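Contents: one structure, followed by commentary.
The values are calculated or read from the model by the stated rules, or taken from the named source; none is laboratory data. Remember, predicted model here, so these are calculated numbers, not experimental data. Backbone-built Cβ (ideal geometry, glycine too); neighbour counts: all protein chains shown.
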Amino acid sequence: MKIDIRTRGFRPTAALSAHVEREVTRSLSRVRHRPAAILASLSDLNGPRGGEDKRCQIRGCLARTGEVVASAAGADMYRAIGMAADRFRRALVRKGGPRTVRRAEGRGKGRT
């Protein structure tokens, strides 16, 4: 899965880029139908004035059902990224059909 990160109003740091990749990968780890490519758009609308203006929008396209978009905004960019990643997962589950990949039953318990 390729994750493209674009920003508006600021330069991304390596830590911020790593956080986007980590949160999106974590959120989609058990989703069966994942987009091949994801675009994460980060923006700071008010710049140094502060406030609830840090926004993360995550967008991806599923082959059968089309585009899925989720966004979140807040005072902290890291929190906005986490909320948007969770919303994106829920939107994929709603649009993509079967919910999650099941774990193998009985793995490691009671086997002899």
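Residues that are of a type in the set (Ser, Thr, Tyr) and within 15 Å of Asp4 (Cβ to Cβ) within region 21-42 comprise Thr25, Ser41, listed in sequence order.
Among the residues of region 79-94, the ones that are surrounded by fewer than 16 Cβ atoms within 10 Å (Cβ to Cβ) and over 12 Å from the mean Cα position of the chain (by Cα) come to 1 in all. Being surrounded by fewer than 16 Cβ atoms within 10 Å (Cβ to Cβ) and within 15 Å of the chain's Cα centre (by Cα) holds for only one residue in Arg59, Arg22, and it is Arg22.
Every condition in (1) touching a helix residue (DSSP H, G or I) at 6+ places or on another chain (Cβ under 9 Å); (2) modelled with pLDDT under 95 is met by Pro98 except one, and the failing one is (1).
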